[in-house]
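Participant: Okay, here's the structure, questions in a sec.
The values are calculated or read from the model by the stated rules, or taken from the named source; none is laboratory data. Model, not experiment: these values are computed from the prediction. Ideal geometry is used to build each Cβ from the backbone, glycine not excepted, and the neighbour counts take in all protein chains shown. Note: accessible area is taken over every heavy atom of the protein model, side chains too, but ligands, DNA and RNA are not part of it. Shrake-Rupley method; radii C 1.70, N 1.55, O 1.52, S 1.80 Å.
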Amino acid sequence: TRTVGDVIGPTPSEVEPVGFGDMFCTVCEAAILVTAVLLLLRPFARSISRSAMTTVLTSASACAIVLLSVSLVDGGPEMVMSMDAAGASTPTLNLVTESPAGSVTMPDPNMQMETGMKMAGGSCTKSPTTKQQSATVDLVNTSWADAKKYQSLVAAKDAGFRPVTPAGKAVVHYINPANYRATAKGGAVIDPSAPQSLVYANTPKGAVLVAVMYIAAPRSGATPDPGGCLTQWHLHTNLCFGRGTRAVVGIADPTCPAGSVNRVSPPMLHVWFVPIPGGPTAVDASNAQIVHAAEQVTSPHNGTA
């Protein structure tokens, strides 16, 4: 999985990132193999003193305990979430924003990511600094100030946003091809004045703007990290795109529908404008949670997204 990919499944050639824990595990496996070979080559008649055996076992055990502890801490965002859920303390935050989504909080350690979704960034092991907290609040406030006009679905369409996921569903993503092309040509990934994507939820009162979504491009390089753990990127591995288009036409279950192909999405970052669990910079939420949150805010009358 760290060299050629998973071999089977919806993303057989997707190579997973290598972490410290992966390398430690591989080194241990190699050490076991080498030691087993040395034992087979060693004369069976040769004796080992009790003190030498105790020294070797104690040293090896101490080294393994230290490196295993480092592996658990540096295991990546999924590992950190598991550790937090098991009882490790996490800092609490309540950063007031101007977004209808409410205050920024620390990511939910018990978050269960949807199938086909995973974190795109590195390990989330550090509490956000004062600078990162301030940058996160600024990002949320600026995103909301610039996106207010897109509460009107007509205004969004006039600005060039088009649905990239099937229209009429509970949650529909719109993309602005011009904004995305600008990013692909080296433009800013996070530009509140020209977001690559908008997200709408269809409610009984019509479509409600629920988020902007910043999307990195293949040439964007490392994703911006203004808020540390407060601004985490994710990607999707099970999306089916129409051949020759950027439109998402379905989910690989386990394979894509005829006429479409499975591709790993570029990294994405949500900034929410409705009160979903986790606040305005939550990694993601279920469609049911998004629609319920959309029903809690005031919005101009729109048709169906």
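Participant: Using only the alpha-carbon atoms of region 187-305 as identical scatterers, what base-10 log of I(q)/I(0) does the Debye formula give at q = 0.15, 0.19, 0.20 Å⁻¹?
Facilitator: Relative scattering, expressed as log10 I(q)/I(0), comes to -0.80, -1.17, -1.23.
Participant: For the cross-link pairs K118/K157; K126/K148; K169/K205, which exceed 25 Å when the distance is taken from alpha carbon to alpha carbon?
Facilitator: K118/K157; K126/K148, as the Cα separations exceed 25 Å there.
Participant: OK, next. Could you order peptides 202-214, 267-279 by the average number of other Cβ atoms within 10 Å of their residues, highest first?
Facilitator: Highest to lowest by the protection proxy: 267-279, 202-214.
Participant: Hey, what do the phi angles of region 39-56 turn into as Karplus ³J(HN,Hα) couplings, whole Hz, using 6.51/-1.76/1.60 and θ = phi - 60°, x for Gly and Pro?
Facilitator: Coupling constants for region 39-56: 5, 5, 7, 6, x, 5, 7, 6, 8, 10, 6, 4, 5, 5, 5, 5, 4, 5 Hz.
Participant: Over every pair of different alpha-carbon atoms in region 126-260, take the mean of 1/r and invert it; report that Kirkwood radius in Å.
Facilitator: Result for region 126-260, one decimal place: 16.3 Å.
Participant: Given the protein chains as shown and a 1.4 Å probe, how many square angstrom of I48 are accessible, to the nearest 10?
Facilitator: 110 Å²
Participant: Please calculate the 1.4 Å probe accessible area of D138, with all protein chains present, and give it to the nearest 10 Å².
Facilitator: 80 Å²
Participant: R0 = 22 Å: FRET efficiency of T55 with T35, Cβ-based, nearest 0.05?
Facilitator: Here the calculated transfer efficiency is 0.90.
Participant: With charges set only on the Cβ (+1 for Lys and Arg, -1 for Asp and Glu), what does the dipole of region 197-292 come to about its Cα centre, in debye to the nearest 20?
Facilitator: My answer is approximately 280 debye.
Participant: Starting from the Cα of A145, step 7 Å along the direction of its Cβ; do the same at V7; then give the gap between the two resulting points in nm.
Facilitator: 5.4 nm
Participant: On to the next question. Between C28 and T129, what's the calculated FRET efficiency when r is the beta-carbon distance and R0 is 30 Å? Round to 0.05.
Facilitator: With R0 = 30 Å, the Cβ-Cβ based efficiency is 0.30.
Participant: Residues of region 288-304 with the amide nitrogen closer than 16 Å to a label point 7 Å from the Cα of E98, along Cα-to-Cβ, please.
Facilitator: Flagged as within label range: none.
Participant: On to the next question. In square angstrom, what is the accessible area per residue of region 168-305 with a 1.4 angstrom probe?
Facilitator: Heavy-atom SASA per residue in region 168-305 reads 41 Å².
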